[in-house]
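All remarks here apply to the structure that follows.
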Amino acid sequence: MRVAALFSGGKDSTYAAYVAMQRGWDVTQLLSIIPEDRDSMLFHTPNLQLTPLQAETMRIPLIRETAAIGEDGELDALRRIFRRVDVDGVIVGAIASDYQHTRVNRIADEVGLRVFAPLWRRDPTQLVYDYLQAGFDIAFSSVSAEGLDASWLGRRWDDHVIQDLLHLQKTRGVHPCGEGGEFETLVLDAPPFEQSIEVVRATPDWRGTAGVWRVDEARLAPKPNRGS
């Protein structure tokens, strides 16, 4: 099975691509949409400048398209990028967003591609553990929900993070995987990465009730278990 993966560099799209690889599928390209709208409801926005670095360490070619503001502009970008690949289908990291799932499926159907969503309707309380157990190194790149303050920006996932997210799910209704737009993430290491991504310099930008962790400089570095 030859597939392309819709890829933002966040935990869900990276993990979905990893699941496809585990199934023995050939992930031939990563597809990254860069929305002009920083508040896009369809696409991930923080730190998209790092997707080329992630693609490099995964040794998978990256295709990028810029999306104009508005739903029509974003769907047109999706249509254009889907038409640039010759594959059996497209991998997406959607978990619970009907808005995203419906639109991606509609555009894929238009251009004759099948959509595979290996995380769709998975139990989010299990998924948060699955990411860690798979060896993913994840950082919060944005937060925008009650209960998530500036201290979460750049915070790395661990067992304490999971416990905090599950507590916020019970007390504030925060989706543990951020499917309600509560937060977005950046993957710094994962099993498909030949090298990890080292953040050299980053700027937390907190404004009122939400913030973004902007990575200003990053580089590839040897994984700890592979020597220097």
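Rule-based calculations on the coordinates, nothing more; no lab input. These numbers come from a predicted model, not from an experiment. Methodologically, a virtual Cβ is constructed for each residue, glycine included, from the backbone with ideal geometry; neighbour enumeration extends over all protein chains shown.
Would you compute, from DSSP H runs of 4+ residues alone, the mean residue ellipticity of the chain at 222 nm, taking -39500 (n - 2.57) per run and dividing by the full residue count, rounded to the nearest 500?
-9500 deg cm²/dmol
Against the globular-protein guess of 2.2 N^0.38 Å, express the Cα radius of gyration of region 2-116 as a ratio, rounded to two decimals.
0.96
Set Lys and Arg Cβ to +1 and Asp and Glu Cβ to -1, take the dipole of region 124-226 about its Cα centre, and tell me which of 191, 171, 212 lies farthest positive.
Among 191, 171, 212, the one farthest towards the positive end of the dipole of region 124-226 is 212.
Residue 210's amide H: which non-local residues (gap 5+, or another chain) put their own amide H closer than 5 Å, with H modeled 1.01 Å from N in plane and none for Pro or chain starts?
Answer set, sorted by chain and number: none.
If we sort 81-89, 138-146, 122-130 on the protection proxy, mean other Cβ atoms within 10 Å, highest first, what's the order?
138-146, 81-89, 122-130
Please compute the length gained on full extension between residue 221 and residue 80, using 0.36 nm multiplied by the number of residues separating them and subtracting their Cα-Cα distance.
47.4 nm
Using all Cα-Cα distances in the chain, what percent lands in each 5 angstrom bin from 0 up to the longest?
The calculated distribution, bin by bin, is 1, 7, 15, 19, 21, 18, 12, 6, 1, 0.
What are the ³J(HN,Hα) couplings of region 94-104, residue after residue, when phi is run through the Karplus curve with 6.51, -1.76, 1.60 and θ = phi - 60°? Round to Hz, x for glycine and proline.
Computed from phi, the couplings for region 94-104 are 4, 10, 9, 7, 5, 4, 5, 4, 5, 6, 5 Hz.
Could you check what % of the DSSP bridge pairs in the chain are antiparallel, to the nearest 5?
55 percent
Please give the charge dipole size of the chain, origin at the Cα centre, charges +1 on K and R Cβ atoms and -1 on D and E Cβ atoms. Round to the nearest 20 debye.
It comes to approximately 460 debye.
Take the Cα radius of gyration of region 127-228 and divide it by 2.2 N^0.38 Å, with N its residue count; two decimals is plenty.
Here the answer is 1.12, to two decimals.
Taking the Cβ of residue 215 as the center, what net charge do the other residues with Cβ under 13 Å away carry, scoring Lys and Arg +1 and Asp and Glu -1?
Net charge around residue 215: -2.
How much net charge surrounds residue 138 when only the other residues with a Cβ under 12 Å from the Cβ of residue 138 are counted, with Lys and Arg +1 and Asp and Glu -1?
-3
Using packing as a proxy for protection, rank 17-29, 155-167 so that the peptide with the highest average count of other Cβ atoms within 10 Å comes first.
Taking the mean over residues of other Cβ atoms within 10 Å, the ranking is 17-29, 155-167.
Treating the beta-carbon of each Lys and Arg as +1 and of each Asp and Glu as -1, no other charges, what is the dipole magnitude of region 2-116 about its Cα centre, to the nearest 20 debye?
The calculation lands at about 400 debye.
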